[in-house]
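Student: Following this message is one structure expressed as structure tokens.
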Amino acid sequence: MIKKLLLFLLFLLFTIPLGVVIFFIKEYGDETQKLINYKPRLTTQIYDKHGDKISNIFLKEHRYYATINEIPPHLIEALLAIEDTSFFEHPGINVDAIFRAIIKDIKAQKIVEGASTLTQQLVKNTLLTREKKISRKLKEVIYSLKIEMELTKEEILERYLNEVYLGHGYYGVKTASEGYFRKPLDELTLKEMAILVGLPKAPSFYAPTKNYELCMGRANRVINRMYILGWIDKKDYESALAEKPEVFNDTLSQNRAPYIADEVLRQLPNLFEENLDDIRSGGYKIYTTIDLKLQKAAREGVTYAHNLAVKRASRGTDLNASQIKNLNGALVSINPKNGHILALVGGVNYKQSSYNRATQGQRQPGSAFKPFIYQVALDLGYSPASQLVDMARTYKYKRAGKAMTWQPKNYEKDYEGLMTLREALIHSRNLATINLVTEIGLSQMLGELSSYGIKNLPKNLSLSLGSISLSPLKLAQYYTSFASGGIQSEPLLITKIEQGSSIWEFDNRKRYITSPEQSYLMTTILHDVVEHGTGRKVRVKGIELAGKTGTTNKSIDAWFAGYSPSIETIVWFGNDDNTPMRKFETGGRVAGPAFRYYYKQVLKIYPQVQRHFKKPEGVTEVIINGKKEYFTEVSKPPSTTQNRDDEADDKLIF
């Protein structure tokens, strides 16, 4: 009878806990779904056109995901050696280890030793708090058993190695590998693997960026354990112990172009249905049109021009500290053929101001707007040789019932009388431009300019002087009409987004403006601006450049907008508070040096870049008074001078 009673008690002692465990597994299994259907926060990465990383963006946790197939076998062995050698044998908990820990805890009358398997560690780090209570420990056991019933050992390992925190803000072994060592997982040495798997015990304490020697000691214990278990031979053991890996103390974002990263985030909601938090934690790969080499050149160019302006101010007699403090600049470089943004700098110093003047600033382009007016004239039948009137006029009008007078002047405070259209634009003559608009008619000019997609055009003659507010990026869009041979391309920054097997691709819109022949006429004029006119300071030996300066009243805004045969660039400088810069800080003087610096770097970076403008068929080259001039079927030579010389090889001589 006693024997049966003892057997019954033993049966109860075994079945009741087992029944409780089974009950809890069934009742509380839903809480393990976070691990079973594992969807961790993943870092989104931004890349340039060559696949070089621009920046990481993430929400709370910086994590790259690695599948079990990406993880080297030695790394898994190192982990099991130091954390859970019986991982592939136990059901989620190690009963022997638990009993040993319980005895020690009872003796100490508190929890002093754990017995956590890798599965339990994963559960604790993902589903539970770190409080040392019996109730939490019971949940940990139940959840671990549940996880082992639902997932394979490989799936548990994959989740553990992606979830684990490894110090320095790195979550997961792939993140830590690229962060600490700047290596993919498959290039890690045995010592580097040992460093990583030794970190979970105390990630902040053992982080190699903080306590290198302590970290090496912990890694050596991992290697020693692998050797004792027979998982590595003596040669590998001794080699690993002797190794002293280089460790990098990089920032988490690794942001090489912060203005670009910010602009990507600004544009994403318009391209994508996801909100920014989901994008930051979705593990997307965002591919941009940016060329990081050109981005660096652009950033250096803006800094160079800014420093020159500050030096001039420091030497001047009208030194104004607030002007120097508020002086800033921006640069946009674009491939005019497809609209791809190659470089974009929103300011002189991102740390001091993250405001992106290249995309968000709205400033008046001044004379940099004049080429649009002159292109309209060319497309209406004017030619570069057409005569314009460079004479002063007085305009009277009413504002709010009050009589007003407008007396525009040239920058040089003089006038030429009659001059050719080419010379008027080369020397940026305000009076000739105003008279040209008057001759064509303001209404017709506004109608023709609407084909460019330009919005908020002033409905008065101030249009002639560029009294419209535009961002450098928007001006870059309009200038593609000249630089690409008559086709305007909308700027494009993001070309592709990937998430797993899902791919989204993006393209831009294009707009026909004029023919290649008519556009080439403008290019020849803007090339002369650089060679002989207001843009002489931007000339670069070895490459043809075309462009236009722009300086608004009182030197509030200074621009250089131009292009080579394959790259277009817009530079702006001004004070952030819209106060005037120092006197004589013109577009050529303050913005020009950044433009010139940039193209000098372009030639160094890409010496094979196209260097000469190509004349399209349909453009006739003419000699007038010893100088070359160009005409088309639309923009014909002056009728009074048409004498054909058959021996002139298709050239007209006057």
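Student: Suppose we filter 526, 521 for residues that are closer than 18 Å to residue 476 by Cβ, in a helix (DSSP H, G or I) and modelled with pLDDT of 95 or more; which single one remains? Don't jump to the end; show me each part of the working.
Tutor: Numbers: 521 fails: closer than 18 Å to residue 476 by Cβ.
Answer to the check: 526.
Student: Only one residue in 435, 460 is surrounded by fewer than 17 Cβ atoms within 10 Å (Cβ to Cβ) and more than 30 Å from residue 43 (Cβ to Cβ). Which one? Reasoning before the result, please.
Tutor: Numbers: 435 fails: surrounded by fewer than 17 Cβ atoms within 10 Å (Cβ to Cβ).
After applying the criteria, what remains is 460.
Student: So which residues in the stretch 266-293 are within 18 Å of residue 332 (Cβ to Cβ) and touching a helix residue (DSSP H, G or I) at 6+ places or on another chain (Cβ under 7 Å)? Steps first, please.
Tutor: Keep residues of the stretch 266-293 that are within 18 Å of residue 332 (Cβ to Cβ), which gives 266-267, 288-293.
Across the stretch 266-293, the qualifying residues are 288, 290, 293.
Student: Of the residues that sit in the stretch 139-159 and are in contact with a helix residue (DSSP H, G or I) (Cβ under 8 Å, 6 or more places away or on another chain) and free of Cβ contacts under 8 Å to residues at least 60 places away in the same chain, which one is nearest to residue 42 (Cα to Cα)?
Tutor: The residue in question is 156.
Student: Hey, among the residues in the stretch 183-215 that are farther than 21 Å from residue 121 by Cβ and in contact (Cβ under 8 Å) with a residue 60 or more places away in the chain, which one's surrounded by the fewest Cβ atoms within 10 Å (Cβ to Cβ)?
Tutor: 186
Student: Given the criteria assigned by TED's automatic domain parsing to the domain that holds residue 498 and at positive phi, does residue 339 qualify? Steps first, answer last, please.
Tutor: On the way: assigned by TED's automatic domain parsing to the domain that holds residue 498: yes; at positive phi: yes.
It is true that residue 339 is assigned by TED's automatic domain parsing to the domain that holds residue 498 and at positive phi.
Student: Just to verify a result, which residue in the stretch 395-432, among those that are out of contact with any strand residue (DSSP E or B) (no Cβ under 6 Å at 6 or more places or on another chain) and of a type in the set (A, V, I, L, M, F, W, C), is surrounded by the most Cβ atoms within 10 Å (Cβ to Cβ)?
Tutor: So the residue we want is 425.
Student: Now, a different point. Please go through the stretch 393-427 and pick out each residue that is within 22 Å of residue 625 (Cα to Cα), under 43 Å from the mean Cα position of the chain (by Cα) and not charged (D, E, K, R).
Tutor: 421, 424, 425, 426, 427
Student: Would you tally the residues in the stretch 222-237 being of a type in the set (A, V, I, L, M, F, W, C) and either surrounded by fewer than 15 Cβ atoms within 10 Å (Cβ to Cβ) or part of a loop (DSSP other than H, G, I, E, B) (or both)?
Tutor: Within the stretch 222-237, residues that are of a type in the set (A, V, I, L, M, F, W, C) and either surrounded by fewer than 15 Cβ atoms within 10 Å (Cβ to Cβ) or part of a loop (DSSP other than H, G, I, E, B) (or both) number 4.
Student: Tell me which residues, restricted to the stretch 289-306, are within 13 Å of residue 48 (Cβ to Cβ), in contact with a strand residue (DSSP E or B) (Cβ under 6 Å, 6 or more places away or on another chain) and not aliphatic (A, V, I, L, M).
Tutor: Once the filter is applied, which keeps residues that are within 13 Å of residue 48 (Cβ to Cβ), in contact with a strand residue (DSSP E or B) (Cβ under 6 Å, 6 or more places away or on another chain) and not aliphatic (A, V, I, L, M), the stretch 289-306 yields 289, 291, 295.
Student: Also, I was wondering about something else. Considering each residue of the stretch 268-295, count those that are surrounded by fewer than 20 Cβ atoms within 10 Å (Cβ to Cβ), over 13 Å from residue 46 (Cα atoms) and in contact (Cβ under 8 Å) with a residue 12 or more places away in the chain, and give that number.
Tutor: Selection size over the stretch 268-295: 4.
Student: Among residues belonging to the stretch 546-566 that are part of a loop (DSSP other than H, G, I, E, B) and in contact with an Asp or Glu (Cβ under 9 Å, 6 or more places away or on another chain), point out the one that is farthest from residue 578 (Cα to Cα).
Tutor: The initial filter retains those residues of the stretch 546-566 that are part of a loop (DSSP other than H, G, I, E, B), namely 552, 556, 564-566.
Subset that is in contact with an Asp or Glu (Cβ under 9 Å, 6 or more places away or on another chain): 564-565.
Values: 564: 30, 565: 33 Å.
Among those that are part of a loop (DSSP other than H, G, I, E, B) and in contact with an Asp or Glu (Cβ under 9 Å, 6 or more places away or on another chain), it is 565.
Student: Can you pull out the residues in the stretch 364-405 that are charged (D, E, K, R) and either over 19 Å from residue 430 (Cα atoms) or free of Cβ contacts under 8 Å to residues at least 40 places away in the same chain (or both)? It would help to see each step written out before you state the result.
Tutor: Let us first name the residues in the stretch 364-405 that are charged (D, E, K, R), namely 370, 379, 390, 393, 396, 398-399, 402.
Passing the criteria: 379, 396, 398, 399, 402.
Student: Any residue in the stretch 269-277 that is under 17 Å from the mean Cα position of the chain (by Cα), aliphatic (A, V, I, L, M) and at pLDDT below 95?
Tutor: Looking through the stretch 269-277, at least one residue is under 17 Å from the mean Cα position of the chain (by Cα), aliphatic (A, V, I, L, M) and at pLDDT below 95.
Student: Right, residue 8: more than 30 Å from residue 260 (Cβ to Cβ), modelled with pLDDT under 55 and in a helix (DSSP H, G or I) or not? Give the derivation first.
Tutor: Working: more than 30 Å from residue 260 (Cβ to Cβ): yes; modelled with pLDDT under 55: yes; in a helix (DSSP H, G or I): yes.
So residue 8 passes the test.
Student: Quick check, is residue 47 among the hydroxyl-bearing types (Ser, Thr, Tyr), within 20 Å of residue 180 (Cβ to Cβ) and in the same structural domain as residue 237 (by TED's automatic domain parsing)? Write out each step before concluding.
Tutor: On the way: among the hydroxyl-bearing types (Ser, Thr, Tyr): yes; within 20 Å of residue 180 (Cβ to Cβ): no; in the same structural domain as residue 237 (by TED's automatic domain parsing): yes.
It is false that residue 47 is among the hydroxyl-bearing types (Ser, Thr, Tyr), within 20 Å of residue 180 (Cβ to Cβ) and in the same structural domain as residue 237 (by TED's automatic domain parsing).
Student: Cβ-Cβ distance below 6 Å, separation of 6 or more or different chains: which pairs start in the stretch 464-493 with a residue that is farther than 21 Å from residue 378 by Cβ and in a helix (DSSP H, G or I) and end on one that is at pLDDT 95 or above and of a type outside the set (A, V, I, L, M, F, W, C)?
Tutor: Partner pairs satisfying both residue conditions: 473/359; 473/491.
Student: So, one more: Would you check which residues across the stretch 142-168 are surrounded by fewer than 19 Cβ atoms within 10 Å (Cβ to Cβ) and either at pLDDT below 95 or part of a loop (DSSP other than H, G, I, E, B) (or both) and list them?
Tutor: Listed by number, the residues that qualify are 148, 149, 150, 152.
Student: Considering every residue within the stretch 352-368, establish whether at least one is out of contact with any Pro (no Cβ under 7 Å at 6 or more places or on another chain), in the same structural domain as residue 477 (by TED's automatic domain parsing) and of a type in the set (Phe, Trp, Tyr).
Tutor: yes
Student: Only one of these conditions is not met by residue 511: (1) touching a residue at least 40 places away in the same chain (Cβ under 8 Å); (2) over 30 Å from residue 274 (Cα atoms); (3) surrounded by fewer than 23 Cβ atoms within 10 Å (Cβ to Cβ). Which number is it?
Tutor: If we test residue 511 against (1) touching a residue at least 40 places away in the same chain (Cβ under 8 Å); (2) over 30 Å from residue 274 (Cα atoms); (3) surrounded by fewer than 23 Cβ atoms within 10 Å (Cβ to Cβ), just (2) comes out false.
Student: Restricting attention to the stretch 238-267, and to residues there that are part of a helix (DSSP H, G or I) and of a type in the set (Val, Ile, Thr), which single residue is surrounded by the fewest Cβ atoms within 10 Å (Cβ to Cβ)?
Tutor: Going through the stretch 238-267, the residues part of a helix (DSSP H, G or I) turn out to be 238-242, 258-267.
Now narrow it down to the ones that are of a type in the set (Val, Ile, Thr): 260, 264.
Values: 260: 26, 264: 23.
Per the stated criteria, the residue is 264.
Student: Let me ask something additional. Name the pairs whose Cβ atoms lie under 6 Å apart, with the first residue in the stretch 297-313 and farther than 9 Å from residue 597 by Cα, the second of a type outside the set (A, V, I, L, M), and 6 or more positions between them or separate chains?
Tutor: 306/329; 308/593; 313/582
Student: Turning to a different aspect of this structure: Residue 501 fails exactly one of the following numbered conditions: (1) out of contact with any Pro (no Cβ under 9 Å at 6 or more places or on another chain); (2) small (Gly, Ala, Ser); (3) within 28 Å of residue 412 (Cα to Cα). What is the number of that condition?
Tutor: Just one mismatch for residue 501, condition (3).
The values are calculated or read from the model by the stated rules, or taken from the named source; none is laboratory data. Nothing here was measured: the structure is a model prediction, and the numbers come from that model. Note that each Cβ is placed from the backbone with ideal geometry, even for glycine, and that neighbours are counted across all protein chains shown.
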